[in-house]
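Asks: Okay, here's the structure, questions in a sec.
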Amino acid sequence: MPSAPTQGVRVAELVATLSYAADLGLGQPMAHCMRQTVIALRLAELAGATPGERSATYYLGLMFNAYCHADAAEQASWFGDDIAFKSDTFDLLGMNTAQIISFLVRRVGGHGSGLQRARRLAGFPRSSMKKVTEFLNTHSRLGAQFAEQIGLDEIAVRSFRHGYAQWDGKGVPRGLAGASITLPARLVQVAGPVEVYARRYGVDGARKAAVRHRGADFDPAIVDLFCTNASAILDGLDEASEWDAILDAEPSLSPMVDGSDLDSVLEAMADLADLKSPHFAGRSRGVANLAAEAARLWRMSEADILTVRRAGLLHDLGRLGVSNAIWDKPGPLSASEREHVRIHPYLTERMLAGVSALTASCEVAGRHHERLDGSGYPRGLTATSLRPLDRLLAVADVYHAMSEPRPYRLAIPPEQAAAELAAEVRAGRLDGDAVAAVLKAAGKRSTARRAWPNGLTAREVEVLGLLARGRTNKQIADLLTVTPKTVANHTEHIYTKIGVSSRAAATLFASQHGLVGAFEAEDR
C-alpha cells in the first residue's frame, strides 16, 4: 500500500509541473514552456539581468500561461475547440489588425449551426476586444496570485502582472510600456513566440517573427539580442529542456515546501485544474476531502489518508489537455471524443511523473478511472492490480461527480447516487467496502448553518455558487425567482467583498472556501 511522502518538494518541481498544464492549454507539445524558459534565461544572461531578474524569468517562463484555460468555457462557446484555437493564435504574430479580425471572425461559431454562427457573429464585434482584455487581465492576476502563494519575490509577482503588456503600451494593462515593463516579462514575451516559430520554421523563421514585432509587442533591444545570437540561443533546446536539466537551471536557492505549505500549493493546483469548466468548480477539493474522510473511517494510516487526499487534489490535472468542446458538450460523446476523455488520467500521471516526493499520490491519481473488472481506463487494470487507495479514490470520484450538475443532466440526489454505486458493486466494477466508506463519509457532511467568509450573506453565497457553475445572470434570476438586475447587484457586492473582478477569480474564492454547491449540501 502506498505511503505518503515525508520529505519536502522543490518549488521548481511544482512550477515545472504547471508548465505542462500551460503546454496542454495552449495546444503546444509538452516542454514548450520549458524550452521558452531556456530561451528567456539565455537572453537574460546576454541582457545582463540581475540574479533576481533571472530567477523571476525562470518562474515566469515556466508558468506564465498556466491560467490560460481559466476562461476556456467561454473560449469554446465562441470558437469551438478552445485548445485548437489557442494553438492557432500563434499564427497571429506578424498580422495587422485587419488580418487579426479576419482570423477571429472566420473561427467564431464555426462549430455550430448556421443560425448559431450568425448569432455569435452578430455579437462578436461589440464584445470581442473587451472580452480579450478581461481574459488577459484574469490570466495575469491569477498567475501573480499563485506566485505570491508559493513565496516568489516582488519582481516575480510584478512580472506576472506585466506578462501581457506590450512595448508600445497597447497591451494589458493598457498604457504600461517600454522599460516600465519588468525585464523578465519582456524576455518571456519574446521567448514564447520564437520557440514556436523556431520549432515550426527554423532559426530564420524565429528571427523573422521577432523582427515583425520589434518595437510594437517586443522590446527592440531584446529582439536585437535574439537576432544577433539566435543560433546559439536556440542550440540544444531539447536537451536543455529535459526535466532534470530544467530543474538544474533554476537560478535561485531551490526553495522547498512541505507539510501544510505543500498541501496549500497542491490545493491551488487543484483549483487551477477545476477552472477548466464551470461544471468542475470545487471538484478536486471535494473529491480529496471525501476520499480522506472515507480513508479515516476505513481506519487507514495517517500516511495513507494524506496520500489519498493529495491524489484527490491532483487527479484531474490531465483534464486540461482535453477541449471544453468535449467537457461541456450537452449531448452524447462520439467515439473519438470518448478516446480524448480516456487519456486524461494518463496526462495527470505524465505531468506529475518528475515529482518523486509525490510518486505515491501520483500513482493513485492516475488510477481513479480504473475498475475492478478491467473495464476502466487508461490501462484497463483489474482487481489484482488495484489497491485499497486506488479503489477508494475511484469511488469518491464517481460519487462526487454524481453530486455535480453536468451539461447533460442535473446533480443526482444522494439516495439515487447510493443506489447507482450499489449497482456498480454488484456488477463487479467498484469495491463494496470502498463504497460503504465513501457513503458514510458523505453522510457525515455537516448540515449546520455556518458563518460565511468576508461578510457574505446566505443569498450572496447562493449567487456565488451559481456564478461558479457558469450560470448567466438570467439563469440565476430564474432559479432564485428574482430579477436579473437583482442578481447583477448581488454580483457587484460579492466581487467587492471578496476583492475580485472576474468570474474566474470569484470561482477560485468559492472553491477555496467550500462555497461551490454549499447550499446543495445543506438540508434547508
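Every number here is computed from the coordinates shown, using simple stated rules; none is lab data. Only a predicted model underlies this, so the values are computations on that prediction, with no experimental measurement involved. Methodologically, a virtual Cβ is constructed for each residue, glycine included, from the backbone with ideal geometry; neighbour enumeration extends over all protein chains shown.
Asks: Name the residue farthest towards the positive end of the dipole of the stretch 31-248 from the options GLY151, HIS69, THR37, assuming +1 on Cβ of Lys and Arg, -1 on Cβ of Asp and Glu, about the Cα centre.
Replies: Positive-most Cα among the choices belongs to HIS69.
Asks: Now for a separate question. State, as an integer percentage, the relative contact order of the stretch 460-522 based on alpha-carbon contacts under 8 Å between residues 6 or more apart.
Replies: Details: 55 pairs, mean separation 29.8, N = 63.
Value for the stretch 460-522: 47 percent.
Asks: Quick one: plug the Kirkwood hydrodynamic radius of the stretch 31-248 (C-alpha pairs) into Stokes-Einstein at 37 °C, 0.692 mPa s, and report D in µm²/s. Provide the component values of the computation, followed by the final result.
Replies: Numbers: Rh = 18.0 Å.
The Stokes-Einstein estimate is 183 µm²/s.
Asks: So if each residue of separation counts as 0.36 nm, and I subtract the Cα-Cα distance between ILE100 and SER375, what length gain in nm does that give? Could you put the intermediate results ahead of the total?
Replies: Values: separation 275, 0.36 × 275 = 99.00 nm, distance 4.62 nm.
Stretched fully, the ILE100-SER375 segment lengthens by 94.4 nm.
Asks: So what are the ³J(HN,Hα) numbers for the stretch 267-273, from phi and the Karplus equation (6.51, -1.76, 1.60; θ = phi - 60°), rounded to whole Hz, Gly and Pro as x?
Replies: 5, 5, 5, 4, 4, 4, 4
Asks: Additional query: With θ set to phi - 60°, apply the Karplus curve 6.51 cos²θ - 1.76 cosθ + 1.60 along the stretch 486-497 and write out the HN-Hα couplings as whole Hz, x wherever there is a Gly or Pro.
Replies: So the J values, rounded to whole Hz, are 4, 4, 4, 5, 4, 4, 4, 5, 4, 4, 5, 5.
Asks: Using Cβ contacts closer than 10 Å as the measure, can you line up MET402, MET34 from fewest to most? Mind dumping the intermediate values first?
Replies: Working: MET402 18, MET34 25.
The order, fewest Cβ neighbours first, is MET402, MET34.
Asks: In nanometres, what is the gap between the two model label sites at LYS170 and VAL132, each 7 Å from Cα along Cα-to-Cβ?
Replies: Here the answer is 1.0 nm between the modelled labels.
Asks: As I understand it, the value is the acute angle between the Cα axis of helix 283-297 and the longest principal axis of the Cα atoms of the chain; what does it come to in degrees, rounded to 10?
Replies: So the helix axis and the longest Cα principal axis differ by about 40 degrees.
Asks: On average, how much area does the Cα convex hull of the chain cover when viewed from any direction, in nm²?
Replies: 24.1
Asks: I want to check the label-to-label distance for ALA232 and ALA177. Put each point 7 Å from Cα in the C-beta direction and report it in nm to one decimal.
Replies: With each label placed 7 Å out from Cα toward Cβ, I get 3.3 nm.
Asks: Suppose R0 equals 51 Å. What FRET efficiency, 1/(1 + (r/R0)^6) with r the Cβ-Cβ distance, do ALA383 and SER254 give to the nearest 0.05?
Replies: Working: r = 42 Å, r/R0 = 0.82.
Rounded to the nearest 0.05, the efficiency is 0.75.
Asks: Given R₀ = 25 Å, what would the calculated FRET efficiency be for ASP263 paired with SER87, taking r from the Cβ atoms and rounding to 0.05?
Replies: Details: r = 34 Å, r/R0 = 1.34.
Taking R0 as 25 Å, the efficiency between ASP263 and SER87 is 0.15.
Asks: Need one number: nm distance between label points at LEU480 and ASP204, each 7 Å from Cα along Cα→Cβ, rounded to one decimal.
Replies: Once both label points are built, they end up 6.1 nm from each other.
Asks: For the stretch 258-443, what does the relative contact order come out to in percent, with C-alpha contacts under 8 Å and a separation of six or more? Don't skip to the end; give the middle numbers.
Replies: Details: 286 pairs, mean separation 41.1, N = 186.
Computed value for the stretch 258-443: 22 percent relative contact order.
Asks: For the chain, what is the charge dipole size about the Cα centre, in debye to the nearest 20, if Lys and Arg each add +1 at the Cβ and Asp and Glu each add -1 at the Cβ? List each step's numbers first, then the result.
Replies: Details: 59 positive and 59 negative charges, 382 e Å.
I would put it at about 1840 debye.
Asks: Could you derive backbone 3J(HN,Hα) for the stretch 228-245 from the dihedral phi with the Karplus parameters 6.51, -1.76 and 1.60 (θ = phi - 60°), listing whole Hz in sequence and x where the residue is Gly or Pro?
Replies: 5, 10, 4, 4, 5, 5, 8, 6, x, 5, 4, 5, 6, 9, 5, 3, 5, 5
Asks: For ARG406, list long-range residues whose amide hydrogen, built 1.01 Å from N in the peptide plane, is under 5 Å from its own amide hydrogen.
Replies: ALA411
Asks: How large is Rg/Rh for the stretch 453-512, to two decimals, with Cα atoms and a Kirkwood Rh?
Replies: On the way: Rg = 10.3 Å, Rh = 11.2 Å.
Radius of gyration relative to Kirkwood radius: 0.92.
Asks: Taking 0.36 nm per residue of sequence separation and subtracting the Cα-Cα distance, how much length would be gained by fully extending the chain between GLU154 and ALA303, in nm to one decimal?
Replies: Between GLU154 and ALA303, full extension yields an extra 50.1 nm.
Asks: Around MET256, which amide H atoms from residues at least 5 apart in sequence, or from another chain, sit under 5 Å from its own amide H, with H modelled in the peptide plane?
Replies: Under 5 Å from the amide H of MET256 lie the amide H atoms of VAL11, each far enough along the sequence or on another chain.
Asks: Still on this structure, I have one more. Among the lysines, select those whose C-alpha is under 29 Å from the C-alpha of LYS170, and discard any that sit fewer than 8 residues away in the same chain.
Replies: LYS170 reaches LYS86, LYS130, LYS131, LYS208, LYS276.
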